[in-house]
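Before any comments, here is the structure.
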Amino acid sequence: MSKVKAAVFASGTGSNFQAMLETDLACDVVLLVCDKPGAAVLDRAAERGVPTFVFDPKSFASREDYEAEIIEKLHEAGVTWIFLAGYMRIAGATLLQAFEEKIINIHPSLLPAFPGKDAIEQAHDAGVEKTGVTVHYIDEGIDTGPIIAQESVDIFPSDTIDALRTRLQQLEHNLYPQVINQLILK
Ligand code: GRF
(Lines give C-alpha, C1' and ligand atoms only; values in the text may rest on other atoms or scores of the structure.)
Protein backbone atom coordinates (compact mmCIF):
# COMPACT_ATOMS: atom_id res chain seq x y z
CA MET A 1 0.00 0.00 0.00
CA SER A 2 1.40 3.41 -0.86
CA LYS A 3 2.07 5.83 1.96
CA VAL A 4 0.22 9.05 2.71
CA LYS A 5 1.95 12.03 1.08
CA ALA A 6 3.06 15.04 3.09
CA ALA A 7 4.71 18.42 2.58
CA VAL A 8 7.02 20.23 4.96
CA PHE A 9 6.97 24.04 5.07
CA ALA A 10 10.19 25.66 6.28
CA SER A 11 11.96 29.01 6.03
CA GLY A 12 15.35 28.40 7.61
CA THR A 13 17.84 25.80 8.70
CA GLY A 14 15.70 22.71 8.36
CA SER A 15 17.02 20.51 11.16
CA ASN A 16 13.48 19.26 11.86
CA PHE A 17 12.96 18.59 8.16
CA GLN A 18 16.12 16.50 8.15
CA ALA A 19 15.13 14.66 11.34
CA MET A 20 11.85 13.66 9.67
CA LEU A 21 13.67 12.32 6.64
CA GLU A 22 16.00 10.32 8.86
CA THR A 23 13.12 8.72 10.77
CA ASP A 24 10.96 5.82 9.70
CA LEU A 25 8.00 8.07 8.89
CA ALA A 26 4.54 6.69 8.19
CA CYS A 27 4.26 9.11 5.26
CA ASP A 28 6.36 10.17 2.29
CA VAL A 29 7.62 13.75 2.31
CA VAL A 30 7.06 14.60 -1.35
CA LEU A 31 7.46 18.38 -1.28
CA LEU A 32 9.29 21.07 0.63
CA VAL A 33 7.63 24.50 0.49
CA CYS A 34 9.98 27.38 1.28
CA ASP A 35 9.39 31.13 1.27
CA LYS A 36 13.09 32.06 1.49
CA PRO A 37 15.12 31.56 -1.66
CA GLY A 38 18.62 30.57 -0.51
CA ALA A 39 17.53 29.06 2.85
CA ALA A 40 19.75 26.23 4.14
CA VAL A 41 16.78 23.84 4.23
CA LEU A 42 16.84 23.86 0.41
CA ASP A 43 20.33 22.31 0.40
CA ARG A 44 19.08 19.57 2.69
CA ALA A 45 16.17 18.90 0.30
CA ALA A 46 18.51 18.83 -2.71
CA GLU A 47 20.87 16.37 -0.96
CA ARG A 48 17.97 14.04 -0.32
CA GLY A 49 16.15 14.51 -3.61
CA VAL A 50 13.02 16.05 -2.12
CA PRO A 51 11.26 18.30 -4.68
CA THR A 52 10.84 21.92 -3.61
CA PHE A 53 8.48 24.78 -4.27
CA VAL A 54 10.28 28.02 -3.47
CA PHE A 55 8.41 31.29 -3.65
CA ASP A 56 9.10 34.91 -2.84
CA PRO A 57 6.05 36.36 -1.06
CA LYS A 58 6.98 39.84 -2.31
CA SER A 59 6.26 38.83 -5.87
CA PHE A 60 2.60 38.10 -5.04
CA ALA A 61 -0.10 40.71 -4.52
CA SER A 62 -1.45 39.00 -1.38
CA ARG A 63 -1.14 36.03 0.96
CA GLU A 64 -4.27 34.64 -0.67
CA ASP A 65 -2.48 34.64 -4.01
CA TYR A 66 0.65 32.82 -2.90
CA GLU A 67 -1.36 30.36 -0.83
CA ALA A 68 -3.52 29.57 -3.89
CA GLU A 69 -0.34 28.77 -5.80
CA ILE A 70 1.00 26.64 -2.94
CA ILE A 71 -2.29 24.71 -2.81
CA GLU A 72 -2.01 23.99 -6.53
CA LYS A 73 1.49 22.52 -6.00
CA LEU A 74 0.28 20.50 -3.01
CA HIS A 75 -2.61 19.04 -4.97
CA GLU A 76 -0.38 18.23 -7.94
CA ALA A 77 1.92 16.33 -5.57
CA GLY A 78 -1.01 14.50 -3.91
CA VAL A 79 -0.24 15.97 -0.48
CA THR A 80 -2.75 15.38 2.34
CA TRP A 81 -0.74 16.45 5.42
CA ILE A 82 1.35 19.58 6.02
CA PHE A 83 4.06 19.82 8.68
CA LEU A 84 5.34 23.29 9.48
CA ALA A 85 8.94 23.25 10.67
CA GLY A 86 10.28 26.74 11.13
CA TYR A 87 7.91 28.26 8.55
CA MET A 88 7.99 31.95 9.47
CA ARG A 89 4.60 32.95 8.03
CA ILE A 90 1.09 32.91 9.37
CA ALA A 91 -1.19 30.57 7.46
CA GLY A 92 -4.27 32.31 6.07
CA ALA A 93 -7.84 31.14 5.59
CA THR A 94 -7.10 29.96 2.04
CA LEU A 95 -4.59 27.35 3.19
CA LEU A 96 -6.40 26.50 6.43
CA GLN A 97 -9.66 25.76 4.63
CA ALA A 98 -7.96 23.65 1.95
CA PHE A 99 -6.21 21.48 4.57
CA GLU A 100 -8.57 21.54 7.53
CA GLU A 101 -7.10 19.77 10.58
CA LYS A 102 -4.21 18.56 8.45
CA ILE A 103 -1.63 21.24 9.27
CA ILE A 104 0.54 20.93 12.33
CA ASN A 105 3.43 22.93 13.71
CA ILE A 106 6.20 22.48 16.22
CA HIS A 107 7.13 25.30 18.58
CA PRO A 108 10.02 25.48 21.07
CA SER A 109 8.08 26.33 24.23
CA LEU A 110 5.34 24.92 26.42
CA LEU A 111 2.48 26.78 24.75
CA PRO A 112 0.54 28.85 25.61
CA ALA A 113 3.71 30.21 27.26
CA PHE A 114 6.13 32.08 25.01
CA PRO A 115 4.45 32.08 21.58
CA GLY A 116 6.00 33.83 18.60
CA LYS A 117 9.61 34.50 17.74
CA ASP A 118 12.55 33.88 20.08
CA ALA A 119 10.61 31.50 22.31
CA ILE A 120 13.82 29.96 23.67
CA GLU A 121 15.29 33.35 24.58
CA GLN A 122 11.97 34.40 26.11
CA ALA A 123 11.88 31.35 28.40
CA HIS A 124 15.54 31.70 29.32
CA ASP A 125 15.20 35.39 30.13
CA ALA A 126 11.97 34.89 32.09
CA GLY A 127 13.82 32.78 34.65
CA VAL A 128 11.33 29.89 34.52
CA GLU A 129 12.51 26.47 35.68
CA LYS A 130 11.02 24.49 32.82
CA THR A 131 10.36 24.95 29.15
CA GLY A 132 9.78 22.47 26.35
CA VAL A 133 8.32 21.86 22.93
CA THR A 134 4.76 21.74 21.66
CA VAL A 135 3.22 20.12 18.59
CA HIS A 136 -0.11 21.70 17.73
CA TYR A 137 -2.69 22.15 15.00
CA ILE A 138 -2.51 25.60 13.53
CA ASP A 139 -5.12 28.28 13.22
CA GLU A 140 -4.90 31.89 12.08
CA GLY A 141 -3.15 33.02 15.27
CA ILE A 142 0.50 32.89 16.20
CA ASP A 143 1.15 29.50 17.84
CA THR A 144 -2.42 29.34 19.15
CA GLY A 145 -4.03 26.19 17.69
CA PRO A 146 -5.13 23.11 19.68
CA ILE A 147 -2.24 21.33 21.39
CA ILE A 148 -1.49 17.73 20.39
CA ALA A 149 1.64 16.91 22.42
CA GLN A 150 4.18 18.55 24.70
CA GLU A 151 7.45 17.54 26.31
CA SER A 152 9.32 19.54 28.89
CA VAL A 153 12.95 20.09 29.88
CA ASP A 154 14.48 21.71 32.95
CA ILE A 155 16.28 25.02 32.59
CA PHE A 156 19.40 24.97 34.74
CA PRO A 157 20.74 28.18 36.29
CA SER A 158 24.00 27.64 34.38
CA ASP A 159 22.23 27.19 31.01
CA THR A 160 23.25 29.41 28.12
CA ILE A 161 20.65 30.02 25.42
CA ASP A 162 22.70 27.86 23.05
CA ALA A 163 22.84 24.94 25.49
CA LEU A 164 19.10 25.17 26.02
CA ARG A 165 18.49 25.41 22.28
CA THR A 166 20.51 22.24 21.68
CA ARG A 167 18.47 20.32 24.27
CA LEU A 168 15.20 21.58 22.85
CA GLN A 169 16.22 20.67 19.31
CA GLN A 170 16.99 17.11 20.39
CA LEU A 171 13.55 16.94 21.92
CA GLU A 172 11.94 18.35 18.76
CA HIS A 173 13.74 15.92 16.49
CA ASN A 174 12.35 12.98 18.47
CA LEU A 175 8.90 14.27 19.28
CA TYR A 176 7.81 15.65 15.91
CA PRO A 177 8.25 12.43 13.87
CA GLN A 178 6.62 10.42 16.69
CA VAL A 179 3.55 12.65 16.75
CA ILE A 180 3.35 12.69 12.96
CA ASN A 181 3.31 8.89 12.90
CA GLN A 182 0.66 8.72 15.61
CA LEU A 183 -1.60 11.12 13.72
CA ILE A 184 -1.20 9.42 10.39
CA LEU A 185 -1.68 5.89 11.68
CA LYS A 186 -4.67 6.86 13.85
C1 GRF B 1 12.26 24.99 15.53
O2 GRF B 1 12.74 25.35 16.80
C3 GRF B 1 10.76 24.96 15.54
O4 GRF B 1 10.24 24.60 16.78
C5 GRF B 1 10.39 26.39 15.24
O6 GRF B 1 11.37 26.80 14.31
C7 GRF B 1 12.56 26.08 14.51
C8 GRF B 1 12.98 25.51 13.21
O9 GRF B 1 14.26 24.94 13.27
N10 GRF B 1 9.05 26.50 14.75
P11 GRF B 1 14.82 24.09 12.06
O12 GRF B 1 14.79 24.99 10.83
O13 GRF B 1 13.98 22.88 11.90
O14 GRF B 1 16.24 23.75 12.44
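Between Ile147 and His75, the FRET efficiency estimated from the beta carbon spacing at R0 = 25 angstrom works out to 0.30.
Karplus-derived 3J(HN,Hα) values for segment 114-130, using 6.51 cos²θ - 1.76 cosθ + 1.60 with θ = phi - 60°, are 6, x, x, 6, 6, 4, 5, 4, 4, 5, 4, 6, 6, x, 6, 8, 9 Hz; glycine and proline are entered as x. Taking a straight line from the alpha carbon of Lys3, these lysines sit under 16 Å away, with near neighbours fewer than eight places off in the same chain left out: Lys102, Lys186. Relative to the longest principal axis of the Cα atoms of the chain, the long axis of helix 161-185 lies at roughly 50 degrees. If you model segment 93-166 as an ellipsoid using its alpha carbon gyration tensor, with each semi-axis the square root of five times an eigenvalue, the axes come out at 27, 11, 9 Å, biggest first.
Taking every DSSP bridge with both residues inside the chain, close to 40 percent are antiparallel. Between Ala68 and Glu101, the simple spin-label model (points 7 angstrom out along Cα→Cβ) gives 2.8 nm. A Förster radius of 41 Å, combined with the Cβ-Cβ distance separating Leu185 from Glu121, puts the computed FRET efficiency at roughly 0.70. In this structure the chain gives 50 Å² per residue of accessible area when probed at 1.4 Å with all protein chains present.
What does the C-alpha gyration tensor say about the overall shape of segment 23-98? Classify as rounded when a/c is under 1.5, otherwise prolate if a/b is larger than b/c, or oblate. Oblate.
Quick check: at a probe of 1.4 Å, how many percent of the accessible area of segment 4-185 sits on carbon and sulfur atoms?
On the way: 4280 of 8710 Å².
Carbon and sulfur atoms account for 49 percent of the accessible area of segment 4-185.
Here, the chain yields an orientationally averaged convex hull projection of 10.5 nm² when only Cα atoms define the hull.
Determine, from the Cβ-Cβ distance of Ile90 and Glu129 and an R0 of 35 Å, the FRET efficiency 1/(1 + (r/R0)^6), rounded to the nearest 0.05. Could the numbers behind the result be given before it?
On the way: r = 31 Å, r/R0 = 0.87.
Step by step, r from the Cβ atoms, then E = 0.70.
Each stretch of four or more DSSP H residues adds -39500 (n - 2.57); spread over every residue of the chain, this sum gives -11500 deg cm²/dmol at 222 nm.
The values are calculated or read from the model by the stated rules, or taken from the named source; none is laboratory data. Only a predicted model underlies this, so the values are computations on that prediction, with no experimental measurement involved. When we count neighbours, we look across all protein chains shown, and the Cβ atoms used for this are built from the backbone with ideal geometry, even at glycine. Accessible surface is based on the protein model in full, side chains and every heavy atom, while ligands, DNA and RNA are left aside. Shrake-Rupley method; radii C 1.70, N 1.55, O 1.52, S 1.80 Å.
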